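Novice: First the structure, then my questions, so here it is.
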Amino acid sequence: MLNSNKLGKRIKQARKEKHMTAEVLAEKTEISVSFLREIERGNKKPSISKFTEIANALEVSADELLKDNIDASEPLILQGIAAELEGLTPKQINLIEKVVK
């Protein structure tokens, strides 16, 4: 799950490192200053397209803004479960599917 607070702080930090005002970034990304401030506070999430525009306007990678924001444990858990299922028979997989449901 995306942590809005961390994302907002990283956007604000990157903006300040570029010596860019909120007004300038808002203008470059065609969003209102108030919406940008809500994003920076972690109260709102930008759409994927706006997020990309923000990253481009700040000249930073999406990775830089997203690092430490997404809980990566869920996909790892699912990968581990999938690996455990690989050697099972169709009957065993069917039984596990019934238990999960």
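The values are calculated or read from the model by the stated rules, or taken from the named source; none is laboratory data. Predicted, not measured: the structure shown is a model, and the values here were computed from it. All Cβ positions, even for glycine, are placed from backbone atoms using ideal geometry, and neighbour counts span all protein chains on display. What goes into the accessible areas is simple: the full protein's heavy atoms, side chains included, and nothing from ligands, DNA or RNA. Shrake-Rupley method; radii C 1.70, N 1.55, O 1.52, S 1.80 Å.
Novice: ARG37: buried (at least 19 other Cβ atoms within 10 Å of the Cβ) and charged (D, E, K, R), yes or no? Break it down into steps so the answer makes sense when it comes.
Specialist: Numbers: buried (at least 19 other Cβ atoms within 10 Å of the Cβ): no; charged (D, E, K, R): yes.
Here the answer is no, as ARG37 does not meet what is asked.
Novice: Right, next: Applying the selection to the range 18-43, what residues are over 21 Å from the mean Cα position of the chain (by Cα) and closer than 17 Å to GLU64 by Cα?
Specialist: Result: LYS18, single match.
Novice: For the range 3-27, give me each residue that is more than 15 Å from PRO46 (Cβ to Cβ) and not in a helix (DSSP H, G or I).
Specialist: Scanning the range 3-27 gives LYS18, HIS19, MET20, THR21.
Novice: Keeping to the range 43-82, report how many residues are open to solvent by less than 70 Å² (accessible area, probe 1.4 Å), at pLDDT 80 or above and part of a loop (DSSP other than H, G, I, E, B).
Specialist: Residues that pass the stated criteria total 4.
Novice: List, please: which pairs have Cβ atoms under 8 Å, are six or more places apart or on different chains, and start with a residue in the range 83-101 that is assigned to a loop (DSSP other than H, G, I, E, B) and end with one that is modelled with pLDDT of 85 or more?
Specialist: Between residues of the range 83-101 that are assigned to a loop (DSSP other than H, G, I, E, B) and residues that are modelled with pLDDT of 85 or more, the close pairs are LEU88/ILE96.
Novice: Pairs please, first residue from the range 36-48 and not β-branched (Val, Ile, Thr), second anywhere and not in a helix (DSSP H, G or I), Cβ atoms under 7 Å, 6+ apart in sequence or on different chains.
Specialist: Here the result reads GLU38/LYS44; LYS45/LEU2, each pair linking the range 36-48 to a residue that is not in a helix (DSSP H, G or I).
Novice: Do we have LEU88 as at pLDDT 85 or above and open to solvent by less than 70 Å² (accessible area, probe 1.4 Å) here?
Specialist: No; evaluated as a whole, the condition is false for this residue.
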